[in-house]
Amino acid sequence: MATRVWLTALLLAFLLAASPFTARVARAESEEDAAAAEVVEGADLGIVGDDTQVSSDGPLSPAPGVETVVVFPKNAGKIVPAGEETELLVGLQNDGESTLNVVAVHSTLHLPFDHRMYGQNLTVQNFFNASVPVSVQATFPYKFVVSKFLQPGAYDLVGYIVYEIDQHPYQNVFYNGTVEVVEAGGLLSVESVFLITLGIALLGLFGLWAYGQVQQLSKKTKKAPKVELGTGTTDANMDEWLEGTSFAQRSKSKKKQT
């Protein structure tokens, strides 16, 4: 009984530890600039800090006929190690009527329950002489670093690609979805560790319950003690039952002879 009470208290402690963590956001500049990469068109590109803003007089809209897609290379789970560089590829298809010039790629990190709350403004990566003619597809690499002080967990990443057509700025959202921020060098989040620990605890509880059931069953199946009958009573009963038979008569004659 004491063991079950202790295990119940342990389970309650695990449940309390799983309560939603208060999101604590710490802003920090990237420790180093992302490395330069080549664009499909052979254009030059530059990388600027987190505080750089893409110049515009207001919200930008996508241009007609321009479509985008994103790929996380060798990262199907969209895992983002805090403090380490993460790379993704932005694909752009120009089905419009004019050549476009890609200006920059940037992104922001949001708390999943409210996009008005920023987790971090990520690196703005500028491109120079990155033109995409009509009916041409191009791929642009984008590297960013999430602050190492950001609490691990699920966040929403919103990525933008800014371009110009006839000197008029436009913008497409190439990604708006969830990523998993983890501690550097680790693939498991705090929530994942808790779920694994909770599963082990539940398996332990089930094992103790099964052991108790086996013990109770073994007690019930113990053999009952043997009851010995006196030989005198047995012989008397046998004589009474065989009385009047030929076997009884032979037995009497043998007793007389002796």
Sort the following peptides by mean Cβ neighbour count (other Cβ atoms within 10 Å, averaged over residues), highest first: 132-140, 208-216, 145-153. 145-153, 132-140, 208-216
Which order do you get for Ile161, Ile79, Ile196 if you rank them by accessible area with a 1.4 Å probe, largest at the top? Ile196, Ile79, Ile161
Name the residue farthest towards the positive end of the dipole of segment 131-216 from the options Leu205, His168, Ala154, assuming +1 on Cβ of Lys and Arg, -1 on Cβ of Asp and Glu, about the Cα centre. Leu205
Could you pull the accessible area for Phe113 with a 1.4 Å probe, rounded to 10 Å²? 150
Where labels lie 7 Å past Cα in the beta-carbon direction, separation of Asn129 and Ile79 in nm: 3.9
Could I have the simple spin-label model distance between Ala154 and Asp166, label points 7 Å from Cα toward Cβ, reported in nm to one decimal? 4.4
Find the relative contact order for segment 64-200 and round it to a whole percent, using C-alpha pairs within less than 8 Å whose residues are 6+ positions apart. 30
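The values are calculated or read from the model by the stated rules, or taken from the named source; none is laboratory data. All of these numbers come straight from a predicted model, not from anything done at the bench. Cβ: placed from backbone, ideal geometry, glycine included. Neighbour counts: every protein chain shown. What goes into the accessible areas is simple: the full protein's heavy atoms, side chains included, and nothing from ligands, DNA or RNA. Shrake-Rupley method; radii C 1.70, N 1.55, O 1.52, S 1.80 Å.
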